[in-house]
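The structure appears below as structure tokens.
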Amino acid sequence: EVQLLESGGGLVQPGGSLRLSCAASGFTFSSYAMSWVRQAPGKGLECVSSISGSGGSTYYADSVRGRFTISRDNSKNTLYLQMNSLRAEDTALYHCAKKQGSGWYVPFDYWGQGTLVTVSS
Amino acid sequence: DIQMTQSPSSLSASVGDKVTITCRASQGISNYLAWFQQKPGKAPKSLIYAASSLQSGIPSKFSGSGSGTDFTLTISSLQPEDFATYYCQQYNSLPPTFGQGTKVEIK
């Protein structure tokens with residue numbers, strides 16, 4: 001059974017940093033691209049970052065490029081999102097999502113429940 | 001970015017009803033379209049990919065159709081567990097983008 005368990009969310013002041021983690025199990029982690037998708041209160045879903053199975057290729061939404069860094073440790077089956085220079089508009093529930101294959105142009109097939117990030121003074 | 005527009009934004013239906021949700025892309029996306037279900041406090045659940053292919057374990061009461069810019073999700077006979085919010089998503093080009101969601105409520 002595929003499981004994705006996010007952690008690391010919390011309350012942080014504007015300009016602060018957080019590191020999110022997603023522990024994956026039930027599949028060969030290194031074979032699949034992974035993404036972080038956020039859901040702001042009362043707003044829609046936004047894919048903020050993706051990473052290839054090897055970790056060699058990454059994608060960032062314009063809204064987070066230069067502030068967020070996605071990475072993965074295939075030996076630990078864990079996905080990360082380092083978030084720096086946080087803004088109020090980054091407040092959201094952050095989901096880890098598994099892609100159905102190794103490339104960018106494939107659908108998501110599994111999602112985690114999410115970890116809540118609140119940016120406020 | 002490709003804009004995805006769902007309609008309606010919400011609907012009320014009764015158990016046993018047939019429900020259809022529409023998703024329109026701002027430009028052609030071939031069949032690179034997925035549908036998700038989300039219940040409050042739960043992880044999104046993938047239902048359909050490639051516009052009409054059911055994910056593993058998803059019952060056949062869910063079906064999808066369309067290609068290019070216009071797509072539909074149909075639930076053939078609504079059951080209590082189907083009351084949720086449904087999202088479409090395109091993965092034809094970066095960034096992947098989502099519809100705003102359709103909330104299916106009990107009449």
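Some values worked out for this structure:
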item	result
Ratio Rg/Rh [Cα only; Rh per Kirkwood] for the protein assembly as shown	0.96
Shielding by partners, peptide B:35-43 (average Cβ within 10 angstrom, other chains)	3
For the stretch B:13-107: span of alpha carbons on each principal axis (Å, largest first)	36, 25, 25
Centroid-to-centroid separation of the stretch B:47-104 and the stretch A:44-60 [C-alpha atoms, Å]	22 Å
Charge dipole magnitude, Cβ of K and R +1, D and E -1 - the stretch A:30-121, Cα centre, debye nearest 20	80 debye
Within 10 Å of each Cβ in A:51-61, the average number of Cβ atoms from other chains	1
Cross-link reach list, lysines versus B:K18, counting only Cα pairs under 25 Å and skipping chain neighbours closer than eight places	B:K39, B:K42, B:K45, B:K61, B:K103, B:K107
Residue exposure sequence - B:L54, A:L86, A:L81 - by fewest surrounding Cβ within 10 Å	B:L54, A:L86, A:L81
Peptide-level mean, for B:52-62, of C-beta atoms on other protein chains within 10 Å	1
Vicinal HN-Hα couplings computed from phi for the stretch B:93-106 (Karplus, 6.51 cos²θ - 1.76 cosθ + 1.60; Hz; Gly/Pro x)	8, 8, x, x, 10, 10, x, 7, x, 10, 8, 9, 10, 7
Point-charge dipole on Cβ atoms (K/R +1, D/E -1) for chain B, about Cα centre, debye to 20	160 debye
Among A:42-54, B:69-81, the order from most to least packed when residues are scored by Cβ within 10 Å on average	A:42-54, B:69-81
Along each principal axis, Cα extent of the stretch A:73-118, largest first, Å	33, 24, 19
The protein assembly as shown, dipole about Cα centre (Lys/Arg Cβ +1, Asp/Glu Cβ -1), debye to the nearest 20	160 debye
Coordinate range along principal axes, alpha carbons of the stretch A:1-101, Å, largest first	36, 26, 22
Alpha carbon centroid spacing (whole Å) that separates the stretch A:63-106 from the stretch B:9-46	24 Å
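Laboratory data are not the source of any read-out in this text; all were calculated from the coordinates shown. The structure displayed is predicted, hence computed values, not measured ones. Cβ: placed from backbone, ideal geometry, glycine included. Neighbour counts: every protein chain shown.
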